[in-house]
Each structure stands twice: as C-alpha cells, then as structure tokens.
Amino acid sequence: MALRIGVIGTGMIGTDHIRRITQVLSGAEIAAVTDANLDLAKQVAQDLPDTEVFGDGHDLIGSGQVDAVLVTSWGPTHEEFVLAAIASGKPVFCEKPLATTAEACRRIIAAEVSAGCRFVQVGFMRRYDAAYRQLKAVIDSGVIGAPLMYYSAHRNPDVPSTYTSEMAVVDTAVHDFDVARWLLGEELGAIRVLPAKQNSLGGGLKDPLLMVVETESGVLVNVETSVNIRYGYDIRGEVVGESGAVALADRNQVDLRHAGLRSGGVPADWRERFAVAFDTEFQEWIDTIASGSEPVGPSSWDGYAATVVCDAGVRSLATSERVPIVLGDKPALYRN
C-alpha cells in the first residue's frame, strides 16, 4: 500500500514536491492538500485523482486518510503544523525553516523528546546531493587528514525585489551552515558577517557577504553569498585538510571547445542544480516512513541549530562583530 501523504501548502515548492511524488518517485500518493488560499489547493487537486481538499492544516493532519504530512506552507506556520503532526503521531517532513524562532524550534524538540521518538525531518536537500555525499565520504575516510578550513559559496544570478540583506543569511546561507555542520561532524561556535564592496546590480542590498564561521574545534568555515552575480546559479565547496583538499566539481555535462575558448554550462537556478537531490531526499524519506522506521534525515535539532546560527548571523550583519553561537545541550534523542 502506498504511503498516503497530506500536503500543507500548495505554492511553488509544494506543487514541485507534489509533482515529484506523483510523477517521479515510487511508494507514495498525495491523499490530501490544503493551503491558506483554498482556491489554489482546489486547483492543484483537480489534477490529482482521489485527493481530498481540507479547509485547514489541522483537519488534514487529523484525517484517517493521511499517513504522513508534508509542510510547505509559509514559514511562520510551520511550528503549529509540525507540533500538531507530532501530537497525532504522524511523521512530518518540514521544508526549512523548521520554525522561524529558536524558541519555537525548542518547543518542537521538547515535543519529540516527550514522545520519545523522532517524527520530524527537515528539508536540507544538499545532504542528498551526490557530489556533497562524495565530499563527505572523502572527509570521513581521513585521506586528506583532519579538516582545517571549509570554503562554501552560494551564488544566484539575481533575486526578487522583495529579497532583503538579512535573507542572504536566513534563506540563502542557511543551507551552507547546515551542510558545514554535516560535513565536518560538529557544531558551529561563532560567526562574523562582513559585507564586501557593494554590487551595483543589487538594488541597495548588502551584497555580496562573507561569513566567517568557527566550529567548536576551530575549523574555519568561510561562506560567500553573492545573489546578483548574473552568470548563473553556482554552488561551490572545498575542504582543506592537513594533507590534502577535496572540492565539489563543476556541474557540466560537456566540455565545449570552440573558437579558441573552452566552456561549460552553469545551472540557471536551484531547481536545476538540486533536482536529483530533492528526488533522492524524498524517495529515502518515503522508503523509511513506509517501512515503519523513524526519519533518519536532518532532524529537529538540525533545524534548531540552523535557526540559531542564522539568528547570530543576522546580529553580526548589523554590526560586523563576532557573535557566539549558543545551542545548549543536545538531547540524547538526536545524538546518534
């Protein structure tokens, strides 16, 4: 029997995941949808046979026709729906952010700890990208020795007019923060955000930014965000170790040589660059939940840690000062 998923939020990312689950992956079906804009939810459901439209997320979560919940609604609503899913004993996949404040994330953690098991997986898809997984495998093998520095870059061709300087930290660099924690296997301890010379194409944004992050053991993590660079969507990463270095390769399918020049393509956006990672992320989640196991991907603790790092980064953006990152004790539920 297919895993019956209820989707809360049928905007761009929600509909993309619905397409993925119904057209690309196996083992699941969309049993229910809802959205703050019910007309939008009804429109999406028209193309989904046997999919029920619910008036709100709580009714969807409580339905006996829903085995697992996918939360892709507006960020400030994530906490209430994730908590409701935990209270109902249903697994929930929540796109980032887990919640918009550290306090809200801690309430979600407390609910899971009280239940004694994990229900939540957070959508940090870079952990499922083949190149990042190979990067981690090299680090874990020890072939380059202990990591000393990690360089990470997140470049967008442009961003909407509604994009703010703070969003470079909380919406863009948040993925770099999470993947740094995962690659290096330790928490981040402090952050300093430094605006570079302003890009004249950025409409007044503090862009680009250089973020200097320190891990608890002293590894330096440099995160560059450049969100108006025009040439494409370019994700970079390199770990420098004691006896070697390992970096993500360019994503070119071909190497073009013509008229005295050598060139390759650059992804246009995040969907092109990480399409396969999203597919892998959801297929592994579906397979795990369908087997009756707890989620094994990014946890509520990972969502909380990312939020705390982002909060510290926003404070540093305002002052360019070094800001400590204080997480507190990690519950035993998340230590393995």
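The values are calculated or read from the model by the stated rules, or taken from the named source; none is laboratory data. Keep in mind that what you see is a predicted model, and the values were worked out from it rather than measured. Here the Cβ positions follow ideal geometry from the backbone for every residue, glycine too, while neighbour counts run over all protein chains shown.
Numbers for the structure displayed
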{"quantity": "Residue identified as of a type in the set (Gly, Ala, Ser) and more than 18 Å from ILE325 (Cβ to Cβ) among ALA196, ALA168, ALA180", "calculated": "ALA196"}
{"quantity": "Every residue from the stretch 121-142 that is of a type in the set (Gly, Ala, Ser) and surrounded by 20 or more Cβ atoms within 10 Å (Cβ to Cβ)", "calculated": "GLY123"}
{"quantity": "Inter-residue pairs, beta-carbon under 7 Å, first in the same structural domain as GLU29 (by the TED database) and without any contact (Cβ under 8 Å) to a residue 24 or more places away in the chain and in the stretch 266-290, second buried (at least 17 other Cβ atoms within 10 Å of the Cβ) and part of a helix (DSSP H, G or I), 6+ apart", "calculated": "none"}
{"quantity": "Flag if GLY297 is small (Gly, Ala, Ser) and crowded, with 22+ Cβ neighbours inside 10 Å", "calculated": "no"}
{"quantity": "Enumeration of residues in the stretch 245-270 that are of a type in the set (A, V, I, L, M), in contact with a helix residue (DSSP H, G or I) (Cβ under 7 Å, 6 or more places away or on another chain) and assigned to a loop (DSSP other than H, G, I, E, B)", "calculated": "LEU248, ALA249"}
{"quantity": "All positions within the stretch 1-47 that are among the acidic types (Asp, Glu), more than 22 Å from the chain's Cα centre (by Cα) and part of a helix (DSSP H, G or I)", "calculated": "ASP39"}
{"quantity": "Filter result for the condition that a residue is touching a residue at least 12 places away in the same chain (Cβ under 8 Å), within 20 Å of ALA130 (Cβ to Cβ) and either touching a helix residue (DSSP H, G or I) at 6+ places or on another chain (Cβ under 9 Å) or not aliphatic (A, V, I, L, M) (or both), over VAL159, VAL213, VAL239", "calculated": "VAL239"}
{"quantity": "Residue count for the stretch 271-294, restricted to those that are part of a loop (DSSP other than H, G, I, E, B) and either of a type in the set (Lys, Arg) or exposed (fewer than 14 other Cβ atoms within 10 Å of the Cβ) (or both)", "calculated": "3"}
{"quantity": "Options PHE274, PHE282: the member that is at pLDDT 95 or above and touching a strand residue (DSSP E or B) at 6+ places or on another chain (Cβ under 9 Å)", "calculated": "PHE282"}
{"quantity": "Whichever residue in the stretch 196-210 is surrounded by fewer than 16 Cβ atoms within 10 Å (Cβ to Cβ) and in contact (Cβ under 8 Å) with a residue 40 or more places away in the chain and, among such residues, is nearest to ARG315 (Cα to Cα)", "calculated": "GLY203"}
{"quantity": "Every residue from the stretch 54-81 that is free of Cβ contacts under 8 Å to residues at least 40 places away in the same chain and buried (at least 19 other Cβ atoms within 10 Å of the Cβ)", "calculated": "HIS78, GLU79"}
{"quantity": "Those residues of the stretch 143-154 which are of a type in the set (Gly, Ala, Ser) and surrounded by fewer than 22 Cβ atoms within 10 Å (Cβ to Cβ), in sequence order", "calculated": "GLY145, ALA146, ALA153"}
